[in-house]
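What follows is one structure encoded as structure tokens, with my remarks underneath.
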Amino acid sequence: MKSRKTFIVVALVLIGIIVAIVVFKQFRTPSSPLADGNKNQSLDENKEHSESDDKKVLHISEVEMKEFGIEVGTAGPGKIEIQLSLPGEVVANADRLIHVVPRVSGVVRDVRKNLGDFVNIGEVLAVLESRELADAKASFLAAIEREKLARANFNREEDLWKKKISAEQDYLEAKRAIAEAFIELRSSEQKLHAIGFSDTYLARLPDQPEIEYTKYVLTAPSSGTILQKHIARGEVLREDSEAFVIADLSSVWVNISIYQRDMPLVRKGQEVIISAGHEIPDTKGVISYVGPLVGEQTRTGIARVVLLNKGGHWRPGLFITASLTVKATDVPIAVSKTALQTMEDKTYIFVKTEEGFESRPVTAGRTDEKQAEIISGLTAGQQYVTSGAFALKAQLSKSAFGDEHGH
């Protein structure tokens, strides 16, 4: 009797387990075709909703187009210019750079110009006191007197010889003496010319006071800005000392660094756009020189642009970026870069249709400063918004705008 009760209990437990398994499977697996139909219907709705999100049409009146600054263009073929961007630096134009040296040694008595000063040609930079200059002037004045004396003696001997009063030998000796005196005068005169004195100054020299003999005035040989100064009062300067460096900054050089991989793309005559930022307007230039050597340490070459600097914005030492077109590629469809708008990590273009302006997703390819290649999403001949696309994007993002103008 006990074993029979045990059997009945075990049987009931097994039956309960089987029923539980069947019920569980029914809840996990859809049993009717209606459930599958509902699932497919839900997928179709999601797909339609996704496509509707990608394409939205806006109705804009002519008045609103003017208000938003919307302009329309036609998609078609174009050229994409491949740009190369290279670093560079503004330096002084070496052809207009002057190293000022005193030409005679002396002690600096006065310095009248400082770094950054603009000087005109002939303007006084400094004043030196030079014993060497005094000796040169004294030799010149002595040569003048000897030449006068020799000429007077020659005239006297020539007159006596013609009157047969003196011997011919005396006449010839006087002629040789005047020739030597003249040579000595010319030599001392040329030394003063080499120091920088003009014929006008030398003509006035015999009448000047002796205190002026030691005075050497260092003047600017050209107009420009003082970039370097190596002179101070009381200092002894040698004749080859570099006292000042003056640069004419109305023209500067832009030295562009060319990486090894880019060297075949850069050549003389290419147009370059020079940018420095810092509210300095961009300017255009032409490469006038491409260096034949590569730097041993930098492993870069040099291309040079001579740049006019009338406004003085391009200061030596300023770092710049040079952009140049190295290749132009024809593409089937090119649009203005201002037409491209990004929404939800996708690129869109607003296309004009009969219904209005449709936001259409596109795939962009190569770009330059003004244009972008369109690989897919737009065909040639379609009209699209070239200007004012951002305003459409902004209005599209407003729910109120969608209620009034969109679907």
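Readers should treat all values here as calculations from the given coordinates under stated rules, not as data from a laboratory. Everything numeric here is computed off the predicted structure, so don't read it as measured data. So basically every Cβ, Gly included, is an ideal-geometry build from the backbone, and we count neighbours across all protein chains shown.
If you place +1 on the Cβ of every Lys and Arg and -1 on the Cβ of every Asp and Glu, how big does the dipole about the Cα centre of the stretch 101-247 come out, in debye to the nearest 20?
120 debye
Measuring nothing but how far apart in sequence close Cα pairs (under 8 Å, 6+ apart) lie, relative to its length, the stretch 101-247 scores a relative contact order of 48 percent. Around residue 237, what is the net charge, scoring Lys/Arg as +1 and Asp/Glu as -1 over all other residues with Cβ under 12 Å from its Cβ? Neighbourhood net charge equals -2.
One compactness figure for the stretch 62-117 is 2.92, namely its Cα radius of gyration divided by 2.2 N^0.38 Å. For the stretch 101-247, the spherically averaged projection of the C-alpha convex hull amounts to 10.0 nm². Taking GluC sites (Glu not before Pro) across the stretch 300-407, the ones in a DSSP loop with at most 14 further Cβ atoms lying within 10 angstrom of their Cβ are 344, 354, 355, 369. Here the simple spin-label model places points 7 Å from the Cα toward Cβ, and for residue 59 and residue 158 these points are separated by 11.6 nm.
Give the average over all directions of the projected area of the C-alpha convex hull of the stretch 313-407, one decimal, in nm².
9.5 nm²
The aspartates and glutamates whose alpha-carbon is closer than 17 Å to the alpha-carbon of residue 337, local same-chain residues fewer than 8 away aside, are 71, 81, 345, 368, 369, 373.
Would you mind ranking 85, 359 so that the residue whose beta carbon has the fewest other beta carbons within 10 Å leads the list?
Going from least to most buried by this count: 85, 359.
Taken one residue at a time, the phi angles of the stretch 304-318 give Karplus couplings (6.51, -1.76, 1.60, θ = phi - 60°) of 10, 10, 8, 10, 5, 9, 5, x, x, 6, 8, 8, x, x, 6 Hz. Gly and Pro are set to x.
In this label model, residue 319 and residue 83 are separated by 1.9 nm, measuring between points 7 Å along each Cα→Cβ vector. Please give the residues of the stretch 328-369, grouped as numeric ranges, whose backbone N is less than 11 Å from a label point set 7 Å along the Cα-to-Cβ vector of residue 376. Residues 362-364 fall inside that zone. Kindly flag which residue pairs out of 148/215; 310/370; 66/393; 79/346 have an alpha-carbon separation exceeding 18 Å in this structure. Checking Cα-Cα distances, 148/215; 310/370; 79/346 exceed 18 Å.
Compute the signed sum of charges (Lys and Arg +1, Asp and Glu -1) over the other residues within less than 13 Å, Cβ to Cβ, of residue 273. Once positives and negatives cancel, what remains is -3. Label sites at residue 72 and residue 261, each approximated as a point 7 angstrom past Cα along Cα to Cβ, lie 4.4 nm apart.
With one equal scatterer per alpha carbon and no solvent term, the Debye-computed log10 I(q)/I(0) for the stretch 187-309 at 0.14 1/Å reads -0.84.
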